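Peer 1: Once you've had a glance at the structure underneath, I'll fire off some questions.
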Amino acid sequence: MSNIQNCFNQPVGLPIADWQPRPLPERLIMEGRFCRLEPLNESQHTADLWQAWKTAEDQRGWTYLSCGPFHSEADYSAYLKTAAQSADPMHYAVINLDSNQAEGTIALMRIDAPNGAIEVGFVVFSPLLQRTVQATEAHFLLMKYAFETLGYRRYEWKCDSLNAPSRRAAQRLGFTFEGQFRQAGVYKGRTRDTAWFSIIDSEWPQVKDAFEAWLAPKNLQQGVQQKSLAALREERGQQ
C-alpha cells in the first residue's frame with residue numbers, strides 16, 4: 001500500500017480528499033442483457049424460486065449457507081419473507097430474461113458506509129442459474145452498482161474456506177484472495193474458517209472491462225464463450 005510520512009516521520013496512508021460516507025443500497029431494479037435483479041419479494045418470487053430449487057438432485061446446494069435447506073414451500077416462503085424485509089443483508093432476486101422466472105437470489109451485506117466497504121453474499125443460485133451467463137451477469141450488475149452508483153471503495157467476498165466452488169468462483173470473477181481467518185464463525189453446529197477475497201475501486205476499471213468483453217455478443221456466440229473471463233482479464237494485465 002502506498003503511504004506518506006507525517007510530521008513525526010511515521011508512515012501513514014494516503015489522504016482521500018473530500019471523503020464522505022457512501023449511500024446505502026436501495027431496493028431498485030438492475031437490468032442486464034441476460035438477467036434482471038429485482039428487490040426480493042416473497043409474494044412475487046417464492047413460487048419461481050421454489051420450483052427452481054426443486055430441480056436440484058439433492059440438498060448439497062445449501063451445505064455452505066447459513067440458511068436452508070427447506071423441506072416445504074411454506075417454510076421457504078417464511079424465510080424469503082424475512083429476507084425481503086432485511087436492509088442488511090439486502091436481497092435481490094435474479095430473474096432469467098429468457099424465462100422471466102426468478103432462479104436465484106444474491107445480496108449486498110455487511111454494509112460499511114462510513115468506510116466504503118460492502119460484501120456480496122447469500123449467493124443462493126438454484127441449479128437452473130448455476131454456471132450460466134445469467135449468473136455471471138448478476139454478479140457484474142451488483143458490482144457495477146456498488147462501485148459506480150454507490151461509490152464504494154471495497155467489494156468483498158467471503159466464504160467457508162472448505163467451499164472450493166465458492167473460492168473458484170471468486171477468483172474467476174476477479175477477486176483477489178487476501179487470507180484465511182481461522183475459527184471465524186460457527187454455523188449449522190460446526191466451525192468455520194473464512195476465506196477473504198476483495199476487489200477495490202482502483203481495480204474495478206480492468207475488472208469491468210473484462211466483464212463487458214466477456215458478455216459481448218462477439219464473445220458469447222449462441223451462448224458459448226469464445227474466451228474465458230480469466231483469459232480476458234489476463235489480456236488486460238489483471239491476474
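Peer 1: Contour minus end-to-end for Leu24 and Asn41, with contour as 0.36 nm per residue of separation and end-to-end as the Cα-Cα distance?
Peer 2: 4.2 nm
Peer 1: Would you work out which of Ser202, Ala230, His139 lies farthest towards the positive end of the dipole of the chain? Charges go on Cβ: Lys and Arg +1, Asp and Glu -1.
Peer 2: Of the listed residues, the answer is Ala230.
Peer 1: Among Ile200, Ile16, Ile95, which one shows the biggest mean-square fluctuation in a GNM of the chain, springs joining Cα atoms closer than 10 Å?
Peer 2: Judging by the Gaussian network model, the answer is Ile16.
Peer 1: Sticking with this structure for a sec: Of the lysine pairs in the stretch 27-235, how many meet both conditions: Cα atoms under 29 Å apart, and a spacing of 8 or more in sequence or different chains?
Peer 2: 16
Peer 1: Now, a different point. As a test of the formula, what do you get for the chain when each DSSP H run with n ≥ 4 contributes -39,500 (n - 2.57) and the sum is divided by the residue count, at 222 nm and rounded to the nearest 500 deg cm²/dmol?
Peer 2: Counting only the DSSP helices, I get -8000 deg cm²/dmol.
Peer 1: Can I ask one more? In percent, how large is the relative contact order of the chain, given Cα pairs closer than 8 Å and 6 or more residues apart?
Peer 2: Relative contact order, the chain: 15 percent.
Peer 1: Tilt of helix 42-53 relative to the longest C-alpha principal axis of the chain, in degrees (0 to 90, nearest 10)?
Peer 2: Taking Cα atoms only, the helix is inclined about 80 degrees.
Peer 1: Restricting to Cα atoms and excluding each atom paired with itself, what does the Kirkwood estimate give for the chain in Å?
Peer 2: One over the average 1/r among Cα pairs gives 19.1 Å for the chain.
Peer 1: Sticking with this structure for a sec: Return Leu40, Leu232, Leu65 ranked ascending by Cβ neighbour count within 10 Å, so the fewest neighbours appear first.
Peer 2: Taking fewest neighbouring Cβ atoms as first place, the list is Leu65, Leu232, Leu40.
Peer 1: Can you sort Tyr155, Tyr64 so the residue with the fewest Cβ neighbours within 10 Å comes first?
Peer 2: By the 10 Å Cβ count, ascending: Tyr64, Tyr155.
Peer 1: Give me the net charge for the shell around Phe147: Cβ to Cβ below 9 angstrom, other residues only, Lys and Arg +1, Asp and Glu -1.
Peer 2: Neighbour charge sum, excluding Phe147 itself: +1.
Peer 1: Considering the zone a paramagnetic label at Ala113 would reach in this model (a point 7 Å from Cα along the Cα-to-Cβ line), which residues of the stretch 140-155 have amide N under 17 Å from it?
Peer 2: 146-154
Laboratory data are not the source of any read-out in this text; all were calculated from the coordinates shown. This one's a predicted model, so the numbers in the text were calculated from it and none came from an experiment. Cβ: placed from backbone, ideal geometry, glycine included. Neighbour counts: every protein chain shown.
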